[in-house]
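Encoded as C-alpha cells, the structure appears first; notes follow it.
Since every read-out is calculated from the coordinates, none of them should be taken as a lab result. Computed from a prediction, not measured in an experiment: that's the story for all the values here. Note that we place each Cβ from the backbone using ideal geometry, even for glycine, and neighbour counts take in every protein chain shown.
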Amino acid sequence: MTKAHYLNYRHVSSDPNLIAKAELLAAQYRAAKQQLRRNSRDFATAFNVILTNVEVYQAYDDWCLHIPTNNNLFSGKHQRNATYTTEIRDALKWLIAEDYLEQVTKLTRPKKKDTDERLWLPFAYKLSSKWLAEIALLPLSDPSLIHRNPLVEYWLLRKTEYVRGKKKKFAIKPTDEQLELNSALLEATNQTLSAYEDFMASIATTIGYSPVHPSQLSLTRIFSKGSFELGGRLFAPIQNYTKQTRKYFYLNGEPTIEIDYSSIHPYMLYHGEGLEFDGDDPYAIEGFDRDAVKVAFNIMLNKETASANKSVAKTISKDLDYDIDTAEALEAAIHALHSPIAHHFNNWHWFNAAAQRQRYSPASD
C-alpha cells in the first residue's frame, strides 16, 4: 500500500536556503516558458510554498503526495481555498512535465469511511531522482523557519454544492456583513489558534521515532453551509493519519491517547430531551450490521428534507448499497428503536444548534 499525503499549501519558509532554491526554480520556469519580462505573477512564492509543503508532508521520508492539478480547484467559483493559486498550479504542472515529480499511482477511488461511497483521489507522485539530484536531496528549510501561509486563515467558511450530480464542498468568501456580525468570534478563534500553534511549535511530535513537523498539528476551525452559526469543528492535518498510525503519536516522548465518545450523537439527543436510552447500544439492531445502522442513523439525523416525515430510504440505499426494501426496513427499525427522539430525524438544523450549545465538536463516534 502506498504511503501518501494529500499535498496542501498551508505553509511557507523564511529559510534563506529554501528561498534561494525557490527563486532559482522560478527563474528556470520563466526561461522555459519564455516569460523573461517581469510581470505580476509571483512564481518565487509559489515554488517556496511547494518546496515547503513537500517537506511538511514528508516527501523526503519516502511519502508520496496526492497532487490535484484540476484548473477548477485553483481559480473561479470552485477554487478550493485562497492558497490554491494559479501560480502554484502552473509551477506544479511544470515540475511534473520536467520529471521532477514521478507519478506512482493513477486516479484512485477508495471507500469513504463507514460507507460504500467512493471518492476520487488524484494522482500520487514521489520525488524523482532528478528532483533529488537537481533540487535537493534533503529538506532545505530549518523546521523552525516554516510558518503558516499568509493566505491561510485560522477559520474556513465552507458550503456544499452539487457538481455534475455529486456533492462537493467548497471554501467560500464571507460577506462583509458576515465578517462584521462575527468579528468577535473570528478574532477569538484567531488568537486562540495562533497561541496553540506557537505552543505546539515547542513540542517534539513523533510517530514512533519518526519526527512529524509541528505544522501538521496546526488547527483550522471549519464552519459549514455558508454560516458561522453552523459547524465550527477543529481540523488538523495530523487527523488524516489512519487510526492504526495515530496510536504511535508521541509528544515530547510521551505516549498519547485518543478519547472516543461511543454513540455520542444518539446520546446527545436523548440527554437533550432529559431521557436515557433504554438499551446497551443505540446502533445495535438485530438483523443489521452495527456500522450500517450507524450510517443510516446519521443520514436520518443530518439529512435536510422539506418535511421531517419524509423518508430518506433512497439515500440509505445508495450509501449502503442496499436494495430499497432493505433500506426502508432499516429506516423503520431505527424509527421504532428511537421513537422518543424520532422527531429530530430529518431536522439537521435542530441538531446542529444543539451541538453548538454543547460547545464542542465530537470526534467520530
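Pairs spanning more than 20 Å between alpha-carbon atoms, out of K77/K303; K77/K168; K126/K168; K77/K173; K126/K247: K77/K303; K126/K168; K126/K247. All C-alpha to C-alpha distances of the range 4-148, sorted into 5 Å bins beginning at zero, yield P(r) values of 2, 9, 18, 23, 21, 14, 7, 3, 2, 1, 0 percent in whole numbers.
Shown in residue order for the range 316-327 are the 3J(HN,Hα) couplings computed by the Karplus curve 6.51 cos²θ - 1.76 cosθ + 1.60 at θ = phi - 60°: 4, 4, 5, 5, 9, 6, 9, 5, 5, 5, 5, 5 Hz (x for Gly and Pro).
Pairs of Cα atoms nearer than 8 Å and 6+ residues apart set the relative contact order; for the range 4-148 it is 32 percent. Exposed loop sites here are chymotrypsin sites (Phe, Trp or Tyr not before Pro) assigned a DSSP state other than H, G, I, E or B and surrounded by at most 15 other beta carbons within 10 Å; excluding them, the longest clear run of the chain is 1-119. If every alpha-carbon in the chain counts as one equal scatterer, what log10 I(q)/I(0) does Debye give at q = 0.11, 0.13 1/Å? Scattering profile of the chain, log10 relative to I(0): -0.91, -1.20. Residues whose amide H comes within less than 5 Å of that of G232, counting only those at least five positions distant or on another chain, are I222, F223, S224 (H built at 1.01 Å from N in the peptide plane). When the chain is treated as a Gaussian network with alpha carbon springs shorter than 10 Å, the biggest mean-square fluctuation among T205, T83, T242 belongs to T242. Taking the longest Cα principal axis of the chain as reference, the axis of helix 86-97 is set at about 70 degrees.
The smallest convex shape that holds all Cα atoms of the range 155-255, its convex hull, gives 123 Å³ per residue. Around the amide H of W155, modelled in the peptide plane, lie the amide H atoms of R221, all under 5 Å away and 5 or more residues distant in sequence or on another chain.
Short-range pairs are left out: with C-alpha atoms under 8 Å and at least six residues apart, the relative contact order of the chain is 13 percent.
Principal semi-axes of the equivalent ellipsoid, √(5λ) from the alpha carbon gyration tensor of the range 238-343, are 31, 18, 13 Å from largest down.
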